[in-house]
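Scroll down for the structure; my scribbles are underneath it.
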Amino acid sequence: MRAFKVASVCRRGILLLPQAARCARYVFQEPANLLSLSTFNVTITKLDIKSLIRTIPDFPKPGILFRDITTLLKHADGFRETIDRLSAAFADLAIDKVAAIEARGFIIGASLAYRRGAGFVPIRKRGKLPFDCFNQDYALEYGADSLEIHVDALESGDRVLLADDLIATGGTAEAAAVLIRKAGGIVVGCGFVIDLPDLGGRARLERLGLPSVALCQFDGH
């Protein structure tokens, strides 16, 4: 079967497609010294990610300014840039897994895991995961909640990057970090799209020895 070169998708890796357009099969030729996707060099542009995030007042309750990332996610360049920048921020770290907090965090975390060639681990509210779990309670403004992670989600010593769309007070992220440790992992960093610095979440994580990165900030809450 004749084939032609379509694109070079990694260092000296060539994606080959059959010449007949109607044939859907493809072959990826992988040389022995092929580097993983996480080694790709990316071009970080001056795209203003913050400008692509919509603010909705009084949601989910009066007085709250909701930072809506759906407008960022639907923007192809903006979404790609978001993942590329977060990946680049931790480029010097070896990462085995990316763990993310439901629900919007899954979008960021799974994309980042793919980008880094790492596994993905979901952290969910109590009762949402089907297998045996570790759980961790954490305080809310009014009351408490609980997060869970599967007991077999991590191998002992796994280096884990924690990801979410937003960091506010840091209570949820701290609970997630505790869960990762319970499951045998080591939190090597925390990545967020949005930081609300007035609420002190990133400072809280730093005091716990958890380095964190956020791509943009919004004043207030």
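The values are calculated or read from the model by the stated rules, or taken from the named source; none is laboratory data. Fair warning: this is a prediction, and the values are worked out from it, not measured in the lab. We place every Cβ from the backbone using ideal geometry, glycine too, and count neighbours over all the protein chains shown. Accessible surface is based on the protein model in full, side chains and every heavy atom, while ligands, DNA and RNA are left aside. Shrake-Rupley method; radii C 1.70, N 1.55, O 1.52, S 1.80 Å.
Results, tabulated for the structure shown:
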read-out	value
Filter pass, ALA100 being at pLDDT 95 or above and open to solvent by less than 40 Å² (accessible area, probe 1.4 Å)	yes
Filter pass, ILE186 being of a type outside the set (S, T, N, Q), without any contact (Cβ under 8 Å) to a residue 60 or more places away in the chain and within 25 Å of ILE56 (Cβ to Cβ)	no
Which numbered condition ALA32 misses (of (1) modelled with pLDDT of 95 or more; (2) in a loop (DSSP other than H, G, I, E, B); (3) more than 30 Å from ASP219 (Cβ to Cβ); (4) open to solvent by 50 Å² or more (accessible area, probe 1.4 Å))	(1)
Filter result (open to solvent by 30 Å² or more (accessible area, probe 1.4 Å), farther than 23 Å from ASP68 by Cα and touching a strand residue (DSSP E or B) at 6+ places or on another chain (Cβ under 6 Å)) within segment 105-131	PHE120, ARG126, PHE131
Strands (runs of 3 or more DSSP E) wholly inside segment 115-221 containing at least 3 residues that are closer than 25 Å to PHE79 by Cβ	119-125, 159-167, 186-195, 212-217
Options ILE167, ILE194; residue that is closer than 18 Å to ASP84 by Cα, modelled with pLDDT of 95 or more, crowded, with 20+ Cβ neighbours inside 10 Å and of a type outside the set (Lys, Arg)	ILE194
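Condition check ((1) open to solvent by 10 Å² or more (accessible area, probe 1.4 Å); (2) at pLDDT below 95; (3) farther than 24 Å from ASP158 by Cβ) across all residues:
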{"residue": "ALA177", "(1), (2), (3)": "no, no, no"}
{"residue": "ILE186", "(1), (2), (3)": "yes, no, no"}
{"residue": "LEU205", "(1), (2), (3)": "no, no, no"}
{"residue": "GLY209", "(1), (2), (3)": "yes, no, no"}
{"residue": "LEU215", "(1), (2), (3)": "yes, no, yes"}
{"residue": "ASP219", "(1), (2), (3)": "yes, yes, yes"}
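So that you can scan it fast, the table gives a plain yes or no per residue for (1) closer than 30 Å to GLY185 by Cα; (2) hydrophobic (A, V, I, L, M, F, W, C):
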position	(1), (2)
ILE49	no, yes
LEU52	no, yes
PRO57	no, no
SER87	yes, no
GLY119	yes, no
ARG124	yes, no
ASP145	yes, no
